[in-house]
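Encoded as structure tokens, the structure appears first; notes follow it.
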């Protein structure tokens, strides 16, 4: 048997969801080595204490257990809401559908929110508990990506600088600070285009999932009541290496979406006004809100639109 | 990079002293107290893509302490092609942390594009040896430094094996000039699981190639032992460490603790016990009773590595 055949066979056996014996008998394993359970010792030796199947089971048991543990660490709120058994059942299905193909465990949960979305029970009306699960998974995955992804804090590594600031400068943007903002003349203000922080994310949710997640973190595993459904528009970003989140109004969310799409400030305000005519703030509130976004570093660069 | 027959101890790498594996739960303590640890070992995959707090913390630690990189996903024994993007990131991380050396394991972690995130054993024969030799050379050429490879804990043996694990490691070192990270606990675990003599294992290695020791706790399941990194080092492993120290003349020594992780002081104190064991004789052997003091959590024993840093959010 070649090394490649042996590795392919062993992987098929120890990752089989129904255990080692089923793995040995599976089509995948049989394609690499036509060995029956009775003849397994022709590949894997036994020890004085354990038979070959039991020895393989150490790897088989560990495969799902290790990855479920990791998923649980990334999605603690989903796990809390489902309970450990149900979480492991869903996670088990997810790992079969989306086995890790990356060198890093940070990628393991990337498709989990989408997996929950695709497997949502169709006979349950929305929004209800499956949507809360999807919302929680979406927020927790966003937190992971924002926490460890490109941010706005200075890092020594030159690559980090080139991926954020150099690109910004190359695209003609200038750094946006409260002082720079104050220096922009009122006649130019509407024409500015803004560059969002690379860690800024906008989420549309059916539930205030972020509140459940925060309450869970504060509770140290005490019982936390799941929130009732409530349309929630959430901004997630990172400052000082900690993930921050804010709920915004429908109007603000529309402005942010338009700005992220590259519209000028005046065009974005108009787009939002058309979209959220029932939610228009006063011009004073718009200005104060915008200053707050700059201060919170949601936007880090600006240039005058052509 | 060609093979060398140099007998320079540790491939010329420094003896860094007694280090601790860097884990996220200890970040606040380390940054606040700057403990007098000789060096830190990082899990490469936790930092090679990070643009957030883990990387920021590592920057500060790398300014104050020597750092060694220890990977779990190189998969040097896999028959899949080497991941060149992974190697590029590994090299970049080594450059900015000024890693004293880069290590991984003599194992494979997956095949056909899948990563099981486990350190799976190889059959030890000519085919696998030649395969790993070629890949180690390729990696060393790319990294422009010798690779240091660790003996994994293992739970199966293959009928395809035609040589011992220590002969495989020795031949690999001779052919490629790579170094060895001798995990003393893994020797104990594997030898128990395969009915082998751990003393013979350690005595048979090329001692001048050993760059580093690992120490860790494990879980004894009666019929087999699982390498869980969740407890104190047991007395028999300390005895093996003493032998390895004697045979190598002493090399950088590091404690790994990856589950049920206690406070930093406890982890650091555990590795410092190595100093007491280095020259111990049966007459003055330290009394080690800590091994029995921490009960493993009542959960299924899972072999390491599992390495995930959770997000910090307000």
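The values are calculated or read from the model by the stated rules, or taken from the named source; none is laboratory data. Keep in mind the model is a prediction, meaning the values are calculated, not measured. Cβ placement follows ideal geometry from the backbone for every residue including glycine, while neighbour counts extend to all protein chains displayed.
Things to note:
- Checked against (1) crowded, with 22+ Cβ neighbours inside 10 Å; (2) part of a loop (DSSP other than H, G, I, E, B); (3) more than 9 Å from every other protein chain (Cβ to nearest Cβ), residue B:74 passes all but a single condition, namely (3).
- One residue stands out among those in the range B:8-39 that are in contact with a helix residue (DSSP H, G or I) (Cβ under 6 Å, 6 or more places away or on another chain) and part of a strand (DSSP E or B): the one that is farthest from residue B:265 (Cα to Cα), which is B:18.
- Put simply, of A:95, A:71, A:82 the only residue that is without any contact (Cβ under 8 Å) to a residue 40 or more places away in the chain and farther than 18 Å from residue B:157 by Cβ is A:95.
- Of the criteria (1) under 27 Å from residue A:206 (Cβ atoms); (2) within 11 Å of chain B (Cβ to nearest Cβ); (3) within 17 Å of the chain's Cα centre (by Cα), which one residue A:84 fails: (3)
- All helices (runs of 4 or more DSSP H) inside the range A:123-176 with 1 or more residues being closer than 26 Å to residue B:89 by Cα, within 21 Å of the chain's Cα centre (by Cα) and modelled with pLDDT under 95: A:158-161
- Residue in the range B:131-148 that is away from chain A (no Cβ under 13 Å), out of contact with any helix residue (DSSP H, G or I) (no Cβ under 8 Å at 6 or more places or on another chain), surrounded by fewer than 23 Cβ atoms within 10 Å (Cβ to Cβ) and not in a loop (DSSP other than H, G, I, E, B) present: yes
- Of all residues in the range A:50-61, those being free of Cβ contacts under 8 Å to residues at least 40 places away in the same chain, within 15 Å of residue A:10 (Cβ to Cβ) and within 7 Å of chain B (Cβ to nearest Cβ) number 3.
- Any hit, the range A:88-99, residues being buried (at least 20 other Cβ atoms within 10 Å of the Cβ) and either within 11 Å of chain B (Cβ to nearest Cβ) or over 19 Å from the mean Cα position of the chain (by Cα) (or both): yes
- Against the list (1) under 19 Å from residue B:70 (Cβ atoms); (2) away from chain A (no Cβ under 14 Å); (3) crowded, with 18+ Cβ neighbours inside 10 Å, the condition residue B:153 fails is (2).
- Failed condition for residue B:116, given (1) within 14 Å of another protein chain (Cβ to nearest Cβ); (2) in contact (Cβ under 8 Å) with a residue 12 or more places away in the chain; (3) out of contact with any strand residue (DSSP E or B) (no Cβ under 6 Å at 6 or more places or on another chain): (2)
- Counting only residues that are within 21 Å of residue B:132 (Cβ to Cβ), within 9 Å of chain A (Cβ to nearest Cβ) and in contact (Cβ under 8 Å) with a residue 12 or more places away in the chain, the range B:80-94 holds 2 of them.
- Any hit, the range A:29-42, residues being assigned to a helix (DSSP H, G or I), under 34 Å from the mean Cα position of the chain (by Cα) and surrounded by fewer than 19 Cβ atoms within 10 Å (Cβ to Cβ): no
- Entry remark, the range A:117-127: residues being surrounded by 14 or more Cβ atoms within 10 Å (Cβ to Cβ) and either touching a residue at least 60 places away in the same chain (Cβ under 8 Å) or in contact with a strand residue (DSSP E or B) (Cβ under 6 Å, 6 or more places away or on another chain) (or both) number 1 in total.
- Only one of A:47, A:102 that is out of contact with any strand residue (DSSP E or B) (no Cβ under 7 Å at 6 or more places or on another chain), closer than 30 Å to residue B:44 by Cβ, part of a loop (DSSP other than H, G, I, E, B) and within 10 Å of chain B (Cβ to nearest Cβ): A:102
- Some residue of the range A:281-288 being within 24 Å of the chain's Cα centre (by Cα) and modelled with pLDDT under 95: no
- Of all residues making up the range A:177-215, the number that are assigned to a strand (DSSP E or B) and either free of Cβ contacts under 8 Å to residues at least 60 places away in the same chain or more than 28 Å from the chain's Cα centre (by Cα) (or both): 4
- Top-ranked residue in the range B:191-206 [being part of a helix (DSSP H, G or I) and in contact with a strand residue (DSSP E or B) (Cβ under 7 Å, 6 or more places away or on another chain); ranked as surrounded by the fewest Cβ atoms within 10 Å (Cβ to Cβ)]: B:192
- Residues of the range B:168-190 that turn out to be within 25 Å of residue B:145 (Cβ to Cβ) and part of a helix (DSSP H, G or I), as a count: 11
- Of the criteria (1) surrounded by fewer than 19 Cβ atoms within 10 Å (Cβ to Cβ); (2) more than 28 Å from residue B:240 (Cα to Cα), which one residue B:93 fails: (1)
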